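Here is the structure we will look at, set down as C-alpha cells.
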Amino acid sequence: MIRDQELHVNRSIDRTSKEEISMTAKTFQGKTQFARRAMASFALATAVIRPVAGQSTTNQRPALMDRDKEIALALSACPPSVATKAAVYVLDRAGYIKVRDGNNGFTAIVQHAVPTSQDPQCMDAEGTRTFLPRYLKVAQWRAQGKSANEIKLLVADAFAKGIFQPPTKPGIDYMLSEENFTPNAKGEVVHFPPHVMFYAPYLTNADLGLGGPLGPDGNPEGPAFVAGEGTPQALIIVPVAARPGAHH
C-alpha cells in the first residue's frame with residue numbers, strides 16, 4: 001500500500017514538473033518572439049528615420065529637369081555651328097550622365113555653381129579636359145549628401161593632388177543662353193545675359209584694373225570681369241548682351 005502511494009505521489013510530481021516546464025518554455029518562447037518583434041520594429045524604425053534625418057543634406061542637390069528640356073537648355077549655350085556636334089550631359093539622381101557623344105571637342109551641360117543656380121555651358125576641348133571632371137564629381141558628391149563645406153574641401157584637395165587641373169592653354173566656354181541664373185559676386189543667384197568665358201587661372205579683377213564698387217547686378221562693373229578670381233578655375237566673363245544697369 002505504501003509503495004503504491006509513493007508511486008502515485010511521484011507521478012503527480014512528474015506531471016507537475018512537466019506542466020511547469022511546459023509553461024516555462026511557453027513563457028520563454030513568448031518572450032523571445034516579443035524580443036524578435038521588438039528588434040524588427042526597431043530596425044524598421046531606424047531604416048525609416050535615417051533618410052528623414054538626412055533630408056537636410058538633400059538641399060545640396062539641384063532639382064532634376066525634364067530630360068528633353070535639359071538637353072535643349074544645355075545646347076542653347078552653344079553657337080549653332082557648335083551645338084550640332086557637341087557632346088551633351090544631363091543631371092540624374094546619382095550625378096551627370098552622358099546622353100550624346102560629340103565629335104568637335106565641345107561639351108554642353110547645365111552646370112549648377114550652387115544647387116539653386118542654372119548655368120548652361122558649352123565648353124571647348126580644354127574646358128572638357130579640365131572643368132568638366134570637376135562638374136561631374138561635384139554632382140556626385142551632392143548626390144551622396146555631402147555638404148557645401150565638405151565639397152569645398154574636397155575640391156581644394158583634388159586640386160592640391162593634381163586630380164583636378166587648371167587649364168593650360170587659352171580657350172572658351174560659351175554661355176549664350178537667355179536662361180542663365182548664376183551666382184554674382186555677393187553669392188546671390190541672379191539672371192545674367194548671354195556671355196562668353198575665357199580660362200584665366202589665378203587671375204583677379206585687380207589684374208583687369210577693376211576694384212571699385214559692384215555694379216547693379218552684384219558683379220564687378222566693367223566691360224569684362226573675373227569670376228572665381230584668384231582660383232585655378234578663374235574665368236574672364238565677357239557679356240555679349242547688355243547687362244542690367246551697365247555703363248559703357
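Coordinate-derived values only; no laboratory data. Remember, predicted model here, so these are calculated numbers, not experimental data. Neighbour counts are summed over all protein chains in view; Cβ atoms, including those assigned to glycine, are modelled from backbone coordinates with ideal geometry.
Counting other beta carbons within 10 Å of each residue's own, what order do Ser147, Ser117, Ser81, Ser76 fall into, fewest first?
Ser81, Ser147, Ser117, Ser76
Please give me the summed charge of the neighbours of Leu210: other residues whose Cβ is under 10 Å from its Cβ, Lys and Arg +1, Asp and Glu -1.
On the way: positive: none; negative: Asp207, Glu221, Glu229.
Around Leu210, the charge tally is -3.
Sorted from largest to smallest, which semi-axis lengths in Å does the alpha carbon gyration tensor of segment 66-239 give for its equivalent ellipsoid, taking the root of 5 times each eigenvalue?
Over the Cα atoms of segment 66-239, the semi-axes work out to 23, 19, 17 Å.
With a sphere of radius 11 Å drawn around the Cβ of Ala77, what net charge do the other residues whose Cβ falls strictly inside it have (Lys, Arg +1; Asp, Glu -1)?
-4
Using Cβ counts within 10 Å as a stand-in for footprinting exposure, how do Phe225, Phe106, Phe181 rank, fewest first? Could the numbers behind the result be given before it?
Values: Phe225 20, Phe106 25, Phe181 16.
With the sparsest Cβ surroundings first, the list reads Phe181, Phe225, Phe106.
Compute, for segment 135-248, the length of the dipole vector about the Cα centre, with Cβ point charges of +1 (Lys, Arg) and -1 (Asp, Glu) only. Units Debye, rounded to 20.
Once rounded to the nearest 20, the dipole reads 400 debye.
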